[in-house]
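Chemist: I am attaching a structure below and will ask some questions about it afterwards.
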Amino acid sequence: MKGLKEYIRKNGKHITEKLLRTINGKWSVKDIEKSAQKEVYYNVTDASKADLAYHVNRIHKDTGWSKRKCLIKSLDIIGNYKVGRNLALRDFIQREKDFDFTPYI
């Protein structure tokens, strides 16, 4: 994975909005943020807004569920300190094994 160490050094172990665009998700960070405001949740894993949007879009791609159902599942994952910490970037790396991070640094 070219540029991964530099990407993490600059952005931490989080998905950025620019990186999120590479998965061609159905909903933007703003869409997810607006929907998430209607839910009660605590971000105990320091997930970024783009991390949450990544989870919602990935779950939607994998299941075809509604935005709200994907959001609830994503909040469940992110709210689990043992599982949710840095999960979005780990999942991205696992799915995109040969990804070049240098344009996203």
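Chemist: Scan (1) 46; (2) 20; (3) 25 for the value of percent of Cα pairs over 22 Å apart calculated from this model and give just the label.
Modeler: (3)
Chemist: Arrange D62, D98, D46, D31 by Cβ neighbour counts within 10 Å, fewest through most, would you? Write out the running numbers ahead of the final one.
Modeler: Values: D62 9, D98 6, D46 13, D31 16.
Neighbour counts put them in this order, fewest first: D98, D62, D46, D31.
Chemist: Would you calculate the separation in nanometres between label points at K69 and N24, each defined as 7 Å from the Cα along the Cα-to-beta-carbon direction?
Modeler: Between K69 and N24, the label points sit 2.3 nm apart.
Chemist: List the GluC sites (Glu not before Pro) within the stretch 9-90 that DSSP assigns to loop and that have no more than 13 neighbouring Cβ atoms inside 10 Å. Mind showing how you got there, number by number?
Modeler: Working: sites: E17, E33, E39; in loops: E39.
Here the sparse-neighbourhood loop sites are E39.
Chemist: Taking neighbour Cβ counts within 10 Å as the exposure measure, how do W65, W27 sort from fewest upward? Could you put the intermediate results ahead of the total?
Modeler: On the way: W65 15, W27 18.
Starting with the residue having the fewest Cβ neighbours, the order is W65, W27.
Read the figures in this text as sums done on the coordinates, not as results from a lab. Remember, it's a predicted structure, so these values are computed and weren't measured experimentally. Every residue, glycine as well, gets a Cβ built from its backbone with ideal geometry; the counts of neighbours run over all protein chains shown.
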